[in-house]
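Contents: one structure, followed by commentary.
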Amino acid sequence: MGELGLMCVDVPESDGGTGLDYLAYAIAMEEISRGCASTGCIMSVNNSLYLGPLMKFGNAQQKETFGHPFLHGDKVGCFALSEPGNGSDAGAASTTAKLDGDHYVLNGTKAWITNGYEAEATVVFATTDKSKKHKGISAFLVPKPIEGLEVGKKEEKMGIRATSTVTLTFEDCRIPKENMLGEPGFGFKIAMQTLDAGRIGIAAQGLGIAQAALDCAVDYASKREAFGAPISKLQLIQAKIADMALQIESARLLTWKAAMLKDSGNNYIKLAAMAKLAASEAATYCSHQAIQILGGMGYVNNMPAERHYRDARITEIYEGTSEIQRLVIAGNVLKEYGV
């Protein structure tokens, strides 16, 4: 993927990237995830969660040190926001960063970190001023490995099993103060803007899974015969295929619209949340229906349908649960109405 420019799709050519737009990124993410959702996940984390904030908020030296080696697949990065106790409450960061001379000292634990095992650098969010609550969170660029950082064991997951998911534990981990990304107290803002953009990528991943499930279902239905004809001739099977195709196409248009709004510099937060919600729920629905169409063959692992079902489930959870997406959408709609 690195050789194809897929690990730095929207990084400007002037910074060594592929120089395409977010719509191109969404299309590429869908197609990669259609083949393998785990590979799409690795691609998404490096593009939107690691390089995204670095390229937007980093200075020239940070881009040189932490950006350029991560553009073409030689190295991958990760994004350390979640903690064991904060879940969807991203502003409740208990990891701390205290200034000690010309270094910050990090202490705390980050959880559910995708790419965390292989990554050679991470964007870490830590509280630098507890009195300011979420406005006291700052972002840092931390190389890996580094003294004071322990990488936990790989989690045994239901889906996207080809990706690593680990905890990162910081114990008096010292990093130069020059490794702060953006200004002090900008961390929460950086995290939220990064997740807003990242949701477009996860929407595209969900689309890829949903499309793969539909591909599998149609292929099987056209070959499996019952009552003297392929089951694709049965109206109940056709109804399932129609509903799957409808959800996929609807979610795809939302995803593309969100990407186009971002590319044009317009507010895309509501559309990104809509796209992520629609595409992730389409992935779950379509993979469920694919198993139903395949029957017993959908339940065994020598057919891809069960993998699509397992992979789909995470898309409704990470980078903002479906419940959080609904809150984001409602908040923006009410704001538009002046409520």
MET1 - would you say it is open to solvent by 10 Å² or more (accessible area, probe 1.4 Å) and assigned to a loop (DSSP other than H, G, I, E, B)? yes
Quick count over region 43-65, residues being surrounded by fewer than 21 Cβ atoms within 10 Å (Cβ to Cβ), polar (S, T, N, Q) and within 21 Å of GLN205 (Cβ to Cβ), is 0
Please go through region 66-79 and pick out each residue that is without any contact (Cβ under 8 Å) to a residue 60 or more places away in the chain and either in contact with a helix residue (DSSP H, G or I) (Cβ under 8 Å, 6 or more places away or on another chain) or open to solvent by less than 10 Å² (accessible area, probe 1.4 Å) (or both). GLY67, HIS68, LYS75, GLY77, CYS78
Quick check on LYS233: is it more than 30 Å from PHE57 (Cα to Cα), modelled with pLDDT of 95 or more, open to solvent by 30 Å² or more (accessible area, probe 1.4 Å) and under 25 Å from the mean Cα position of the chain (by Cα)? no
Quick one: ALA119 ticks every box in (1) in contact with a Cys (Cβ under 6 Å, 6 or more places away or on another chain); (2) over 15 Å from PHE79 (Cα atoms) bar one, so which box is it? (2)
Run down ASP219, ASP263 and say which single residue is of a type in the set (D, E, K, R), more than 22 Å from GLU316 (Cα to Cα), open to solvent by 60 Å² or more (accessible area, probe 1.4 Å) and within 23 Å of the chain's Cα centre (by Cα). ASP263
Single condition ALA204 does not satisfy, out of (1) open to solvent by 70 Å² or more (accessible area, probe 1.4 Å); (2) under 28 Å from VAL328 (Cα atoms): (1)
Kindly evaluate THR18 against the criterion of being under 30 Å from ALA213 (Cβ atoms), open to solvent by 20 Å² or more (accessible area, probe 1.4 Å), more than 19 Å from the chain's Cα centre (by Cα) and modelled with pLDDT of 95 or more. yes
Hey, can you tell me all the residues within region 84-125 that are at pLDDT 95 or above, assigned to a loop (DSSP other than H, G, I, E, B) and within 27 Å of GLY159 (Cα to Cα)? ASN115, GLY116, TYR117, GLU118, ALA119, GLU120
Among the residues of region 308-324, count how many are within 11 Å of the chain's Cα centre (by Cα) and of a type in the set (Val, Ile, Thr). 3
Filter pass, THR95 being open to solvent by less than 10 Å² (accessible area, probe 1.4 Å) and of a type in the set (Ser, Thr, Tyr): yes
Taking region 31-42 only, how many residues are touching a helix residue (DSSP H, G or I) at 6+ places or on another chain (Cβ under 8 Å) and either hydrophobic (A, V, I, L, M, F, W, C) or open to solvent by less than 10 Å² (accessible area, probe 1.4 Å) (or both)? 6
Regarding region 288-305, can at least one residue be identified that is at pLDDT 95 or above and within 21 Å of the chain's Cα centre (by Cα)? no
Does region 101-108 include one or more residues that are open to solvent by 80 Å² or more (accessible area, probe 1.4 Å) and farther than 18 Å from LEU181 by Cα? no
Filtered residue count, region 294-339, keeping only those that are open to solvent by less than 80 Å² (accessible area, probe 1.4 Å), among the hydroxyl-bearing types (Ser, Thr, Tyr) and farther than 22 Å from MET29 by Cα: 0
Do we find that SER131 is open to solvent by 30 Å² or more (accessible area, probe 1.4 Å) and touching a Phe, Trp or Tyr at 6+ places or on another chain (Cβ under 7 Å) in this structure? no
Looking at GLU30, GLU64 in this structure, which one is within 23 Å of LYS257 (Cβ to Cβ) and not basic (Lys, Arg)? GLU30
Select, from TYR309, TYR268, the only residue that is in contact with a Lys or Arg (Cβ under 6 Å, 6 or more places away or on another chain), modelled with pLDDT of 95 or more and of a type in the set (Ser, Thr, Tyr). TYR268
List, please: which pairs have Cβ atoms under 6 Å, are six or more places apart or on different chains, and start with a residue in region 130-150 that is within 16 Å of VAL76 (Cβ to Cβ) and end with one that is acidic (Asp, Glu)? LYS144/GLU120
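The values are calculated or read from the model by the stated rules, or taken from the named source; none is laboratory data. Given the structure is predicted, the values throughout are model-derived calculations rather than measurements. Every residue, glycine as well, gets a Cβ built from its backbone with ideal geometry; the counts of neighbours run over all protein chains shown. Remember, those area values only see protein heavy atoms, side chains included, never the ligands or the DNA or RNA. Shrake-Rupley method; radii C 1.70, N 1.55, O 1.52, S 1.80 Å.
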